[in-house]
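The block underneath contains the structure these notes are about, expressed in structure tokens.
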Amino acid sequence: MPHSFFLKYLPEGVQDVTDEKGKVSKFNFKEKYLQWHCKQFTDHNRKIKWCPAKNCNYIIEKNDFAEKDIVQCKCGHSFCFKCMEEEHQPTSCKQVEKWNEKEKSDSENLTWIKANCKPCPKCHSNIEKNQGCMHITCRECKHDFCWLCLGVWKEHGERTGGYYSCNIYTELKKTDKDLQKREAVIEESKNEMTRYIFHYERFNNHFKSGQLVKKQMIKIKKSAHLLHEVKNYPNSELNFFEDCSKEI
């Protein structure tokens, strides 16, 4: 059925629509059909995509001769035409995808638990120790044990190093293979968390800087337009301010 047929017979303006429960709502059939028709066209055209910015209804077209995948919408939002994520040069789309997966997943929570918690030897509940001595009492089962060697606390005292060290643990580290593996996992998890925090802080700082530049860019464009209208400055000279902001 031709597209013109729908446009000819669809009712104009907003209509009252009653649903199955008898609730009446407003609906514009023609506007909704045109939105659907436009979406069908863009979804099947690799050269055209919708701007992913919030509340933006612009469509971006990228020709085959464009050297870069980064495009900028009329609303001011810059994004990667290939993956639809925010501008991420020089990082590849695949790296951005992996980073987003890592940021959204629970893997970092598990890594943090491995690095900072130990299971109670009796009930296996995860326990975090952030200060104090090596004498730990489990809140779940009230079991008393040593944080370092996980042995029963009754077997500890001055002869084993007191409250802040454990001679049993020191000796076990030399011979106990299971303890060595457990300590290796903890150390590896701590190193992984340190790397993640290092990169995340820098990523977050760059992201905030980018958001600030976008806000400043809107002000710069308004100021440049005002200078052009009031003072008759040529646009070729005013573009300098926008180019500086992009470089920053």
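The values are calculated or read from the model by the stated rules, or taken from the named source; none is laboratory data. The structure displayed is predicted, hence computed values, not measured ones. For neighbour counting, all protein chains shown are included, and Cβ atoms are generated from backbone atoms with ideal geometry for every residue, glycine included.
Could you please let me know if Thr91 is within 30 Å of Asp64 (Cβ to Cβ) and among the hydroxyl-bearing types (Ser, Thr, Tyr)? Break it down into steps so the answer makes sense when it comes.
Details: within 30 Å of Asp64 (Cβ to Cβ): yes; among the hydroxyl-bearing types (Ser, Thr, Tyr): yes.
Against the criterion (within 30 Å of Asp64 (Cβ to Cβ) and among the hydroxyl-bearing types (Ser, Thr, Tyr)), Thr91 qualifies.
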Under 8 Å between Cβ atoms, at least 6 apart or on separate chains: pull out the pairs that start in segment 78-104 with a residue that is among the acidic types (Asp, Glu) and end on any residue that is assigned to a strand (DSSP E or B). Glu85/Phe79; Glu86/Ser78; Glu86/Phe79; Glu86/Cys80; Glu87/Ile70; Glu87/Ser78; Glu87/Phe79; Glu87/Cys80
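Which residue, of Glu97, Glu140, Glu87, is within 37 Å of the chain's Cα centre (by Cα) and closer than 27 Å to Glu192 by Cβ? It would help to see each step written out before you state the result.
Details: Glu140 fails: closer than 27 Å to Glu192 by Cβ; Glu87 fails: closer than 27 Å to Glu192 by Cβ.
Result of the check over Glu97, Glu140, Glu87: Glu97.
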Conditions (1) under 29 Å from the mean Cα position of the chain (by Cα); (2) modelled with pLDDT under 75: number failed by Met217: (2)
